[in-house]
């Protein structure tokens, strides 16, 4: 999430940087060593199967069991091993995420229409058959991840959803992650992490059929494995470090803006955070508030590094320039805290998800409370792609039903185009039908 050299050269007179990123490098730079390691692991697992998966599980995760699957009873009882208030929060997030996904599904309608006499076309939505969800559980377990990947897939009607989550230091599963998967409707959960988890799901090495799609966030190795497995399976998207951007004017509360920037910078030391503002006063107050809040945060070493190296504050003269800059940044998460939020909501086009007004914070979606999906495009991907949703698990299958009477409306034109291309077999399929129609 950065302004490209081309954009800067064309529009540098329309903005001023009050704070620039501390490093001049791509936020999610692809490390060739990561790619090489992942390639070797995938080839090894494809060749040697479950034995290679077990070897990597021992070497990388110190997981010594032969059976990776969490038993149905352990999965169902996972909620009893977490704090009641956490269980209640997970139940709430699961319900809201499913509710929003159901609303999305209701608005994806099958249709059939006659677009010419005797020419009927249509579309129907059919769910993907098998989905594999990766559920991170590292230093900061993404507890809500299963809401977005497993729960939404189930609302879409996916018959089989399996999941993998890395083992904890004690060798077992993170119970909060397991319970979230359980209430989201997962069919089978396996305690295996990293590249080996994705390969095992893609190649069908866990006692289940090979999955058709892999979804879910992960570290650089998981992201690279998804990249290399794409084609063998579908994927949701290639997500890099989490991003946040805020458009704010002089009416915004600088303390809230600073808190929201740090809230996403907490995801990792390379998570970009940007403020675009029409008020120099606000911009400088936010910079000061960030420095002040960092003194009290337990994760200041992470947030502070991210803000220092990938944080920016951009000053613009007017709302139109704010939109211009923000659409170039195309952030994963975008907050609007201004006196004219409606203008920005109508004008902006490039973002993963939009948070409107000072009472809307990204954390509400991150933890599943807002109901919207938090699996979103990063690194400029919002210019061309949307985030994960119920529609991603559905295949919009088209059909056509053509009567004899419609033949003259199609065959002659197809004969003409096919002849011009030199595709005589295509031409013949139309010619034969025209001859039969005439006869």
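Read the figures in this text as sums done on the coordinates, not as results from a lab. Note that the coordinates shown come from a computational prediction; the quantities given were computed from them, not determined experimentally. Positions of Cβ are backbone-derived with ideal geometry, glycine not excepted, and every protein chain shown enters the neighbour counts.
General remarks:
- Length gained when the stretch residue 434-residue 250 is fully extended (0.36 nm per residue, less Cα-Cα span): 59.2 nm
- Distance between the pseudo-spin-label points of residue 300 and residue 354 (7 Å out from Cα toward the beta carbon): 3.7 nm.
- Calculated SAXS-style log₁₀ I(q)/I(0) at q = 0.07, 0.08, 0.13 Å⁻¹ - the chain, Debye, Cα scatterers: -0.43, -0.55, -1.13
- Using C-alpha pairs under 8 Å with a sequence gap of at least 6, the mean separation divided by the residue count of the stretch 107-208 gives a relative contact order of 25 percent.
- Taking label positions 7 Å along the Cα-Cβ direction at both residue 416 and residue 219, the computed distance is 6.2 nm, reported to one decimal.
- Computed over the chain, relative contact order equals 21 percent, with contacts defined as Cα pairs under 8 Å that lie 6+ residues apart.
- Fully extending the segment from residue 227 to residue 384 would add 54.8 nm, taking 0.36 nm per residue of separation and subtracting the current Cα-Cα distance.
- Cα-Cα pairs of the stretch 316-432 separated by more than 21 Å (percent): 59
- Per-pair calculated FRET efficiency, R0 = 41 Å: residue 280 and residue 81 via Cβ, rounded to 0.05: 0.20
- Each principal axis of the Cα cloud of the stretch 32-235 was taken in turn, and the coordinate range along them, longest first, works out to 66, 44, 30 Å.
- Take 152-159, 60-67, 231-238, 272-279 and order them by the average number of nearby Cβ atoms within 10 Å per residue, most first; the result is 272-279, 152-159, 231-238, 60-67.
- Prolate/oblate/rounded call for the stretch 188-273, Cα gyration tensor, a/c under 1.5 rounded: prolate
- Residue 91-residue 423 FRET efficiency (beta carbon distance; Förster radius 60 Å; 0.05 resolution): 0.55
- Taking 0.36 nm per residue of sequence separation and removing the Cα-Cα distance, the residue 72/residue 113 pair yields an extension gain of 10.2 nm.
- Among 91, 366, 110, the largest mean-square fluctuation in a Gaussian network model of the chain (Cα springs under 10 Å) belongs to 110.
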